[in-house]
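Here is the structure we will look at, set down as structure tokens.
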Amino acid sequence: MKIHLSRRYSFAASHRLHNPRLSAEQNQRLYGKCNNPYGHGHNYVVEVTVSGRVDPATGMVAHLGKLDEFVAREVLETFDHKNLNEEIATFRERVPTTENLCIEIYNRLRDFPGARLERVRLEETSLNTFEYSGERQGSR
Amino acid sequence: MIYLTRKIEFSASHLYHNPAFSAEENRRVFGKCNNPHGHGHNYVLEVTVAGTPDPNTGMVLDLKELKEILQREIIERMDHRFLNYEVPELAGQIPTCENIAAVIWKLLDPKITEGTLHRVRLYETPDLFVDCYGDSESGLENAQESVWENEGGAR
């Protein structure tokens with residue numbers, strides 16, 4: 001049986017979409033209100049999906065306590081109540097769009113020791129959702 | 001290919017306990033889910049069937065028939081039951097979301113004769129769910145042995 005287990009977490013953070021290689025006018029045209037120099041914030045919801053063998057002794061793909069600890073350490077503690085542009089190293093060189101944030105979270109969770117990371121799904125608002133499953137073949 | 005999803009809800013109780021573990025191990029591994037009196041959830045089940053719409057009806061399958069299958073196979077079997085003691089298909093297994101989803105797959109797969117069962121998604125809470133895709137695709141090449149035998153924590 002192929003089983004995927006998904007767990008949802010949330011964190012709040014601020015960002016500003018701005019590319020220093022573009023002019024002020026180009027930034028304004030491209031990013032609109034997301035280019036506001038003071039930034040703005042979201043309540044992000046991150047849905048983490050892992051897969052693996054169901055351990056017959058426990059009936060579990062992954063121990064949720066371990067997954068919760070890992071996600072808290074690698075993602076929630078890093079991003080919650082932070083300014084992504086100012087406080088997260090990777091976003092000094094990269095625009096903190098939710099696409100790039102989704103990839104960053106995937107990369108931070110990729111080495112979860114308890115199961116295989118299948119997908120990170122990130123909701124910026126209830127209307128905007130982004131998914132990343134890495135670049136490998138055969139992932140869903 | 002069209003994917004059609006139908007959702008149902010059922011409420012049931014369960015507890016996690018492995019008789020091969022000591023009482024202390026059970027508490028360490030399963031945490032509050034090891035409470036011997038059990039506890040319950042409102043499970044939400046989404047069943048997705050893949051198929052091609054019949055040109056005469058425009059339907060992948062008859063939704064009324066799917067509703068009846070879900071009523072007969074799942075609701076009548078699991079709704080308002082204690083999963084450990086009252087659902088024979090789960091006998092000898094820990095009734096985790098993973099194992100319940102796999103049982104639901106095995107119950108539904110042979111009953112769905114129009115289209116093919118694509119996915120069983122079972123929500124234990126809005127923030128925890130499992131997707132089961134049956135044996136049709138091998139996604140388990142990296143399956144791992146249990147890595148947390150001596151670790152604490154609860155689900």
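The values are calculated or read from the model by the stated rules, or taken from the named source; none is laboratory data. Bear in mind that the values here come from a model prediction, so they are computed numbers and not experimental data. Every residue, glycine among them, receives a Cβ derived from its backbone with ideal geometry; neighbour counts consider all protein chains shown.
Among the residues making up segment B:9-40, those that are within 24 Å of residue B:71 (Cα to Cα) and surrounded by fewer than 17 Cβ atoms within 10 Å (Cβ to Cβ) are B:9, B:11, B:39, B:40. Only residues that are in a loop (DSSP other than H, G, I, E, B), modelled with pLDDT of 95 or more and either within 9 Å of chain A (Cβ to nearest Cβ) or under 11 Å from residue A:4 (Cα atoms) (or both) were counted in segment B:112-136, giving 3. Close contacts from segment A:124-140, counting a first residue that is within 14 Å of chain B (Cβ to nearest Cβ) and a second that is in a loop (DSSP other than H, G, I, E, B) and at pLDDT below 95, with Cβ to Cβ under 7 Å and a gap of 6+ residues or different chains, come to A:133/A:139; A:133/A:140. Among the helices (runs of 4 or more DSSP H) confined to segment A:41-140, the ones with at least 3 residues that are of a type in the set (Val, Ile, Thr) are located at A:98-109.
Residue under question is residue B:45, and the condition is that it be of a type in the set (A, V, I, L, M, F, W, C), part of a helix (DSSP H, G or I) and out of contact with any Pro (no Cβ under 6 Å at 6 or more places or on another chain); does it hold?
It is false that residue B:45 is of a type in the set (A, V, I, L, M, F, W, C), part of a helix (DSSP H, G or I) and out of contact with any Pro (no Cβ under 6 Å at 6 or more places or on another chain).
Of everything in segment A:10-51 that is touching a His at 6+ places or on another chain (Cβ under 9 Å) and within 19 Å of residue B:128 (Cβ to Cβ), the residue that is farthest from the other protein chains (Cβ to nearest Cβ) is A:11. Scanning segment B:1-39 for residues that are part of a loop (DSSP other than H, G, I, E, B) and either of a type in the set (Phe, Trp, Tyr) or out of contact with any Gly (no Cβ under 8 Å at 6 or more places or on another chain) (or both) turns up B:16, B:17, B:18, B:19, B:20, B:21, B:22, B:35, B:36, B:37, B:38. Each residue in segment A:129-140 was checked for being in contact with a Ser or Thr (Cβ under 8 Å, 6 or more places away or on another chain), more than 11 Å from residue A:49 (Cα to Cα) and at pLDDT 95 or above, and 1 pass.
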